[in-house]
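J.: This is the structure I have questions about; it appears just below.
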Amino acid sequence: MKSRILAVAAAALLTAACGTNEGNQAQRAAGSQQITGAGSTFVYPVLSAWAADYQKHSGTSVNYQSIGSGGGISQVEAGTVDFGATDQPLKSDELAKNGLAQFPVVVGGIVPVVNIAGLASGKLKLTGPVLADIYQGKIKSWNDPVIAKLNPGLNLPNAAIATVHRSDGSGTTFNFTHYLSQVSPAWKSGPGEGKTVAWTGGVGGKGNEGVAAYVKQLPNSIGYVEYAYVMQNGMTCALLQNAAGNFVAPSADSFAAAAATADWAHAPDFNLVMTNAAGANAYPIAASTFILLHKQPKDKAKSNAAIAFFKYALEHGQGQAKKLDYVPLPDALVKQIETYIGANIK
Amino acid sequence: MMPLRRKLADGAALLFALAATAFGLIWLVWILWTTMAEGAAALTPSLFTQMTPPPGGSGGLLNAFYGSAVMVLVALVLGTPVGIAAGTYLAEHGRHSRLAAIVGFINDILLSAPSIVIGLFVYELAVRPAGHFSGFAGAIALAIILLPIVVRTTDEALRLVPNQMREAAFALGVPAWRITSRIIYKAGLSGIVTGVLLGLARIAGETAPLLFTALNNQFWSASLAQPLANVPVVIFQYAMSPYDQWHALAWAGALVLTAFVLGLNLMVRFFARRGNR
Amino acid sequence: MSPPPHLAPSSGAAADRLFRLVTAGAAWLVLIVLGGAAVSMAWGGRLAFETFGWRFIASRDWDPVSGKFGALIPIYGTLATSIIALLIAVPVSIGIALFLTDIAPRWLRAPIGMAIELLAAIPSIIYGMWGLFVFAPFMAAHVEPWLTGKLGGLPVIGPLFTGPPIGIGLLTASVVLGIMIIPFITAVARDVFNAVPSSLKEAAVALGSTRWEILSRVTLPYTRSAIIGAIFLGLGRALGETMAVTFVLGNAHDLSPSLLMPSNSIAAAIANEFTEADTELYRSSLIALAFLLFVVTFLVLCAAKLMLMRVGRTHGRSQ
């Protein structure tokens, strides 16, 4: 008797589990779709805000796995997701090899964050070479004379610096190390640039979220994250000296000043990196996130749904982007992107 | 009279044993206390009624609880019959079959094998060919973790059944398979159920096998053919994030999970000991 | 137990055969699962093994971008954490087993025994969370500065205790791992201590032995094989542990002599990196790591089982 009840219950649950699959498919046919994407954790805060808005607006839900630019590239190349997001743009030959189209969708900034007791945000001043030396282990403690010279009024502790870096294949790392290679010859000939590099010691966090989590957790640590993560988690950021010699605070304005120097019109497939930009107010590490879509998608309905989502984000997502201190793309660039999409994605 | 050295050695051993026991118990108390204190703060009814929220939002773990429940149940449905059948083979033929001896040996290895290897195996088997993660793959991975536990406990439970039962049944002319299915199973039922429940407690808390099979899903999904939200992976993702609200949810999920697993363990062992008296 | 008669009534013979076939098939399935796991790991890792050859095991590289992978750092992290975990767990487990079998009053044995077994029931992700949010800060604030201060300057073992006290690292991971494997070793030790024939213990008592002398001269020598088997069992569990280690080991592909520095283990590397492995070679290298882990764990667990079988303990505990 008992076993019969158990059997019926199990059968009911299984039918429910399988049955709702049909329900899901019917729902999809009725126009409330689900598209999947994966990649950059840099863009995740604003992408998830756009996705929430878009679901209210159109009913389509965007299931985005924030796993790092490297993962996004490989998943969209393998066809396991409908779109990929990466902060390191792919070159035209790699795009052609995989039949992918690429376009930027938003600009943000990468900010050094620290966890020093009693230090307020935006007070600590660092330069690119000093940052490179910290990450290479040449500057080992917070009260090192080099740091003290940049921060005369600050009372920095005599504590060892714990560096936090990305453990996954990260476009944020690419932009960060690209910047360090531009400003520090020792870094360029050492770890160099890339979605992952040979870090000297330090803890590895998964995604922007992981780095933020470790910096919040470990005293006297330093890490690098997208600015939205600083705001969302009340973290302490440091000022960076830009190419013009000014210590610039991270904000939508200083990111926009850096983005203004970008020459999108002449970048094939929008392949452009904007670190260490010129300009008095330009923030030194600004970066864009690029969306990857198949030029000849297998599932046209899903591809069109994804394009509709990004059109919505580009044309109506400026408010959400500004709220999180990202820089929405200027109208001229949006038009250039829409022309590109129309020409390339069938 | 005993020389001082021997007395001291004995006293030191006594002290060491007491200290070792205290050492072990302190960790248990510390871990459980932390889980209860942190988890209780976030334990609200919305935990069971709302879905997993985006970063910075509030919500619950409804889809995770549902996904875990479904996968565990499917794993039980898949793994229990196979485990009982294999355990029956070991118990009935263990003495005179080389296959049974080898299977018993290998089963015990499988019992302690790294669960992440099982997860990768199921990835190669069920995720790669399908091209996407799925709750069903997660259920298969959990079933493989469950299997050796059920095999071992069934084997032990059936061996405990006294031979007189079998001999009496033979004497009455009952065919061999009927002896096992009607009589031996009934006699060993409590042992088998104990094993299944302990296995259930074990797979409810397993994370590594689900990392590359079921993955996770922030939306409501009841389909086993797609990535399925589940409690351990959600806890992993939320705990390693910087968001305080996600941390709170992770602790709440941890508390529910621990209460379920430990409650099941205690209940099973308590009733098992009562039955044995 | 007598074998089932092959002279069953004819009406049941076919059913008997079917039943035997089904149960034998299920038994074969157990073998197939283990064999399948081994083969699938070997097959998945073959690209990495072909590309790097034997150097894979000795190489310190781990560069997904330029496609250079080596297993040395994950192997080092796995072995270091497991060995230190054993150093902590083995004496403690023997002490607890002694307490439970000899010292504790009878009414206390079951509750405390069950409490120790609960340590094994706690899901490893809970160990991980507790480790990250509670234990690592504790180590960073109270233990690691003391270690760096007192031992960091000493000649030979000094380099083992250098580095910023962040709490995340080899030592913390090893301690958490040690706590996790205590119940497994204790369970076997407790069983075999109880299984020592009382005649031996009584003879020792009659000769005037103290409790310690009975343990060291009668019990431990008698149960030596089983204790070694239990140690191997604990080692096997420690080698494969994923979640607890992933939270507190630090995901750093870095080889440093210091125990206070973050590192990586095979299981933690796979858990952290597999879903983002973007090239065939990257995935294959991770699966190759899994294959190495599987082989080592298999050998260790085989050794454990053989030792445990020798003392007649064909059954450990079904944890």
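J.: Is the stretch B:33-54 home to any residue that is at pLDDT below 85, more than 22 Å from C:Gly36 (Cβ to Cβ), out of contact with any Cys (no Cβ under 9 Å at 6 or more places or on another chain) and facing another protein chain (nearest Cβ under 7 Å)?
T.: Yes, the stretch B:33-54 contains a residue that is at pLDDT below 85, more than 22 Å from C:Gly36 (Cβ to Cβ), out of contact with any Cys (no Cβ under 9 Å at 6 or more places or on another chain) and facing another protein chain (nearest Cβ under 7 Å).
J.: If you don't mind, there's one more thing I want to ask. Go through the stretch C:162-218 and give me each residue that's among the hydroxyl-bearing types (Ser, Thr, Tyr) and either touching a Gly at 6+ places or on another chain (Cβ under 7 Å) or in a helix (DSSP H, G or I) (or both). Reasoning before the result, please.
T.: Step one: of the stretch C:162-218, the residues among the hydroxyl-bearing types (Ser, Thr, Tyr) are C:162, C:172, C:174, C:186, C:198-199, C:209-210, C:216.
Residues satisfying the conditions are C:Thr162, C:Thr172, C:Ser174, C:Thr186, C:Ser198, C:Ser199, C:Ser216.
J.: If I filter the stretch C:120-138 for residues that are outside any loop (DSSP other than H, G, I, E, B), more than 11 Å from chain B (Cβ to nearest Cβ) and either basic (Lys, Arg) or under 26 Å from C:Asn251 (Cα atoms) (or both), do I get at least one hit?
T.: Taking the stretch C:120-138 first, the residues outside any loop (DSSP other than H, G, I, E, B) are C:120-121, C:124-138.
Now drop any that are not more than 11 Å from chain B (Cβ to nearest Cβ), which leaves C:136-137.
Filter again for either basic (Lys, Arg) or under 26 Å from C:Asn251 (Cα atoms) (or both), leaving C:136-137.
Looking through the stretch C:120-138, at least one residue is outside any loop (DSSP other than H, G, I, E, B), more than 11 Å from chain B (Cβ to nearest Cβ) and either basic (Lys, Arg) or under 26 Å from C:Asn251 (Cα atoms) (or both).
J.: Let me ask something additional. Of the conditions (1) over 30 Å from A:Gln320 (Cα atoms); (2) surrounded by fewer than 20 Cβ atoms within 10 Å (Cβ to Cβ), A:Gly202 fails just one. Which one is it?
T.: (2)
J.: While we're looking at this one, here's another question. Considering only the stretch B:226-236, I want to know if a residue exists there that is modelled with pLDDT under 90, surrounded by fewer than 24 Cβ atoms within 10 Å (Cβ to Cβ) and over 16 Å from B:Ser115 (Cβ atoms).
T.: Within the stretch B:226-236, one or more residues are modelled with pLDDT under 90, surrounded by fewer than 24 Cβ atoms within 10 Å (Cβ to Cβ) and over 16 Å from B:Ser115 (Cβ atoms).
To keep it simple, each residue is scored yes or no on (1) closer than 30 Å to C:Thr78 by Cα; (2) within 12 Å of chain B (Cβ to nearest Cβ); (3) surrounded by 18 or more Cβ atoms within 10 Å (Cβ to Cβ).
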position: C:Leu154; (1), (2), (3): yes, no, no
position: C:Thr162; (1), (2), (3): yes, no, yes
position: C:Leu170; (1), (2), (3): yes, no, yes
position: C:Val175; (1), (2), (3): yes, yes, yes
position: C:Asp191; (1), (2), (3): yes, no, yes
position: C:Ala195; (1), (2), (3): no, no, no
position: C:Ile214; (1), (2), (3): no, yes, yes
position: C:Arg237; (1), (2), (3): yes, yes, yes
position: C:Leu249; (1), (2), (3): yes, no, yes
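J.: Residues to consider are A:Asp299, A:Asp325; find the one that is within 21 Å of A:Ser58 (Cα to Cα) and modelled with pLDDT under 90.
T.: On the way: A:Asp325 fails: within 21 Å of A:Ser58 (Cα to Cα).
One residue alone meets the criteria, A:Asp299.
J.: State whether one or more residues within the stretch A:232-246 are in contact with an Asp or Glu (Cβ under 9 Å, 6 or more places away or on another chain), of a type in the set (Ser, Thr, Tyr) and either touching a residue at least 60 places away in the same chain (Cβ under 8 Å) or away from chain C (no Cβ under 14 Å) (or both).
T.: No; the residues of the stretch A:232-246 include none that is in contact with an Asp or Glu (Cβ under 9 Å, 6 or more places away or on another chain), of a type in the set (Ser, Thr, Tyr) and either touching a residue at least 60 places away in the same chain (Cβ under 8 Å) or away from chain C (no Cβ under 14 Å) (or both).
J.: Just a yes or no: is a residue in the stretch A:42-57 closer than 22 Å to A:Gln318 by Cβ, part of a strand (DSSP E or B), out of contact with any Pro (no Cβ under 8 Å at 6 or more places or on another chain) and β-branched (Val, Ile, Thr)? Show your work before the answer.
T.: Pass one, the stretch A:42-57, residues closer than 22 Å to A:Gln318 by Cβ: A:42-57.
Then keep just the ones that are part of a strand (DSSP E or B); that gives none.
No, that holds for no residue.
J.: Kindly indicate the residue of the stretch A:148-199 that is facing chain C (nearest Cβ under 9 Å) and among the charged types (D, E, K, R) and also surrounded by the fewest Cβ atoms within 10 Å (Cβ to Cβ) among those meeting that condition.
T.: Here the residue is A:Lys195.
J.: Here's something else I'd like to know. If I filter the stretch B:199-216 down to residues being assigned to a helix (DSSP H, G or I) and either at the interface with another protein chain (Cβ under 7 Å from one of its Cβ atoms) or of a type in the set (D, E, K, R) (or both), which single residue comes out as nearest to C:Glu241 (Cα to Cα)? Reasoning before the result, please.
T.: Filtering the stretch B:199-216 down to residues assigned to a helix (DSSP H, G or I) leaves B:199-204, B:208-211.
Checking the rest, the ones that are also either at the interface with another protein chain (Cβ under 7 Å from one of its Cβ atoms) or of a type in the set (D, E, K, R) (or both) come to B:201-202, B:208, B:211.
Values: B:Ala201: 18, B:Arg202: 14, B:Ala208: 9, B:Leu211: 14 Å.
For the stretch B:199-216, the residue satisfying everything is B:Ala208.
J.: Kindly provide the set of residues from the stretch C:263-317 that are at pLDDT below 90, in a loop (DSSP other than H, G, I, E, B) and crowded, with 21+ Cβ neighbours inside 10 Å, ordered by number.
T.: Across the stretch C:263-317, the qualifying residues are C:Ala277, C:Asp278, C:Gly316.
J.: Report, by residue number, each residue of the stretch B:63-98 that is in contact (Cβ under 8 Å) with a residue 24 or more places away in the chain, away from chain C (no Cβ under 14 Å) and farther than 30 Å from B:Val161 by Cα.
T.: Result: B:Asn63, B:Phe65, B:Tyr66, B:Gly67, B:Val70, B:Met71.
J.: Ok, one more. From the list C:Pro91, C:Pro105, C:Pro111, exactly one residue is in contact with a helix residue (DSSP H, G or I) (Cβ under 8 Å, 6 or more places away or on another chain) and either modelled with pLDDT under 90 or not β-branched (Val, Ile, Thr) (or both). Which is it?
T.: Details: C:Pro105 fails: in contact with a helix residue (DSSP H, G or I) (Cβ under 8 Å, 6 or more places away or on another chain); C:Pro111 fails: in contact with a helix residue (DSSP H, G or I) (Cβ under 8 Å, 6 or more places away or on another chain).
Answer to the selection: C:Pro91.
J.: Take the residues of the stretch A:209-234 that are assigned to a helix (DSSP H, G or I) and touching a Lys or Arg at 6+ places or on another chain (Cβ under 8 Å): which is nearest to C:Asn272 (Cα to Cα)? Step through it out loud before you land on a result.
T.: Here is the first cut: in the stretch A:209-234, the residues assigned to a helix (DSSP H, G or I) are A:209-217, A:227-232.
Subsequent filtering for residues that are touching a Lys or Arg at 6+ places or on another chain (Cβ under 8 Å) retains A:210-211.
Values: A:Gly210: 11, A:Val211: 13 Å.
Out of the qualifying residues, it is A:Gly210.
J.: I'm checking my understanding of the structure. Among residues of the stretch B:132-165 that are closer than 26 Å to B:Ala69 by Cβ and in a loop (DSSP other than H, G, I, E, B), which one is nearest to the other protein chains (Cβ to nearest Cβ)?
T.: Per the criteria, the residue is B:His132.
J.: Among the residues in the stretch A:269-292, are any assigned to a helix (DSSP H, G or I), in contact with a Leu (Cβ under 9 Å, 6 or more places away or on another chain), modelled with pLDDT under 90 and not aliphatic (A, V, I, L, M)?
T.: Yes, the conditions are met somewhere in the stretch A:269-292.
J.: Right, another one. Pick from C:Pro123, C:Pro145: which is of a type outside the set (Ser, Thr, Tyr) and either more than 24 Å from C:Ser93 (Cα to Cα) or surrounded by fewer than 24 Cβ atoms within 10 Å (Cβ to Cβ) (or both)?
T.: Working: C:Pro123 fails: either more than 24 Å from C:Ser93 (Cα to Cα) or surrounded by fewer than 24 Cβ atoms within 10 Å (Cβ to Cβ) (or both).
Exactly one residue qualifies, and that residue is C:Pro145.
J.: Report whether or not B:Gly24 is under 30 Å from B:Met240 (Cβ atoms), free of Cβ contacts under 8 Å to residues at least 12 places away in the same chain and not hydrophobic (A, V, I, L, M, F, W, C).
T.: On the way: under 30 Å from B:Met240 (Cβ atoms): yes; free of Cβ contacts under 8 Å to residues at least 12 places away in the same chain: yes; not hydrophobic (A, V, I, L, M, F, W, C): yes.
Yes; evaluated as a whole, the condition is true for this residue.
The values are calculated or read from the model by the stated rules, or taken from the named source; none is laboratory data. The model shown is predicted, which means the values in this text are computed figures rather than measured ones. Glycine also receives a Cβ, built like all others from the backbone with ideal geometry; neighbour counts cover every protein chain displayed.
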